[in-house]
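To keep things clear, I will list the structure first and then write my remarks on it.
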Amino acid sequence: MKLTKIAVAAGTLMIGGSAIAEVSANIGATNNYIWRGVTQTSNDAAVSGGLDYANDNGLYAGTWVSNVDYGGASAEVDFYGGFANQLDNLGYDVGAIYYYYPSRDSDADINFSEAYLNLSYGPFSAGVNWTFWKEQSGDTNDFYYTLGAGTEIAPTWGIGATLGYYDFKGGGHYTHGQIDVSKEVGDFGSFTFTVSGVLDQSNSVDNDKDPLFVVSWAKTFE
């Protein structure tokens, strides 16, 4: 859930009911697909696309697909749905997502599902994702927490920062940080420059801690 999907990644579909279009599509490209501070493409490029339906009452559903190089898989397909709206100045988004890897190795049990809750107030946001099902049985109840902030720094320019913490029930945890600078270019979509990196991790986790520099492009069609 990445690129434009929940930026519609890092990574969050905080849509107010009055701003929702009924049907939209999105496409994207990046030199490195980063999810929760970790590359999903072995630091190679990715192309993605998705379809979304959203009702004026806040209900939404969609799907998103990207190439990956993870767990023996070459593709990721996500299916998600939920409810997003505002209560006074508090935005909220609650839903569930299924991560499906159709091209994975026959012995790679890497499909999983999460429930999520995201909140926003002005430029600030916070969220939690809970892994309630894994194809690899007996290893659920992972939690991923995020804190973020973002603002417009000039017309068509924005900047955002995200701090994430991933806690695995099976053992281990890590913290990552990310800064995004975005530029809207009208009918040509938007470009984002990202600096992302793992800041700290337990001994049982072996993520690359070198900073990642990413350039992404995304466009939405309504």
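The values are calculated or read from the model by the stated rules, or taken from the named source; none is laboratory data. Everything quoted here is computed from the prediction, not taken from an experiment. Glycine gets a Cβ as well: all are built from the backbone with ideal geometry, and neighbour counts include every protein chain shown.
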Criterion violated by Thr140 - all others in (1) in a strand (DSSP E or B); (2) modelled with pLDDT under 95 satisfied: (1)
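For (1) part of a strand (DSSP E or B); (2) more than 25 Å from Val205 (Cβ to Cβ); (3) touching a Lys or Arg at 6+ places or on another chain (Cβ under 7 Å), each residue gets a yes or a no:
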site: Asn32; (1), (2), (3): no, no, no
site: Gly49; (1), (2), (3): yes, yes, no
site: Asp56; (1), (2), (3): no, yes, no
site: Ala61; (1), (2), (3): yes, yes, no
site: Val68; (1), (2), (3): yes, no, no
Test: Thr41 is outside any loop (DSSP other than H, G, I, E, B) and either crowded, with 17+ Cβ neighbours inside 10 Å or on the phi < 0 side of the Ramachandran plot (or both): no
One residue from Tyr166, Tyr144, Tyr116, Tyr174 being over 23 Å from Val94 (Cα atoms), crowded, with 18+ Cβ neighbours inside 10 Å and of a type outside the set (Lys, Arg): Tyr174
All positions within the range 73-106 that are surrounded by fewer than 18 Cβ atoms within 10 Å (Cβ to Cβ) and either among the basic types (Lys, Arg) or assigned to a loop (DSSP other than H, G, I, E, B) (or both): Asp88, Asn89, Pro102, Ser103, Asp105, Ser106
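Per-residue answers, yes or no, for (1) crowded, with 16+ Cβ neighbours inside 10 Å; (2) over 16 Å from the mean Cα position of the chain (by Cα); (3) modelled with pLDDT under 95; (4) part of a strand (DSSP E or B):
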residue: Ala161; (1), (2), (3), (4): no, no, no, yes
residue: Ile179; (1), (2), (3), (4): no, no, no, yes
residue: Asp200; (1), (2), (3), (4): no, yes, no, yes
residue: Asp206; (1), (2), (3), (4): no, yes, yes, no
residue: Ala218; (1), (2), (3), (4): yes, no, no, yes
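Taking Ile34 as the residue in question, decide whether it is surrounded by 23 or more Cβ atoms within 10 Å (Cβ to Cβ), among the β-branched types (Val, Ile, Thr) and at pLDDT 95 or above. It would help to see each step written out before you state the result.
Numbers: surrounded by 23 or more Cβ atoms within 10 Å (Cβ to Cβ): yes; among the β-branched types (Val, Ile, Thr): yes; at pLDDT 95 or above: yes.
Here the answer is yes, as Ile34 does meet what is asked.
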Residue check, Asn111 in contact with a Phe, Trp or Tyr (Cβ under 8 Å, 6 or more places away or on another chain) and modelled with pLDDT under 95: yes
Residue count, the range 119-132 (criterion: part of a strand (DSSP E or B) and surrounded by fewer than 14 Cβ atoms within 10 Å (Cβ to Cβ)): 3
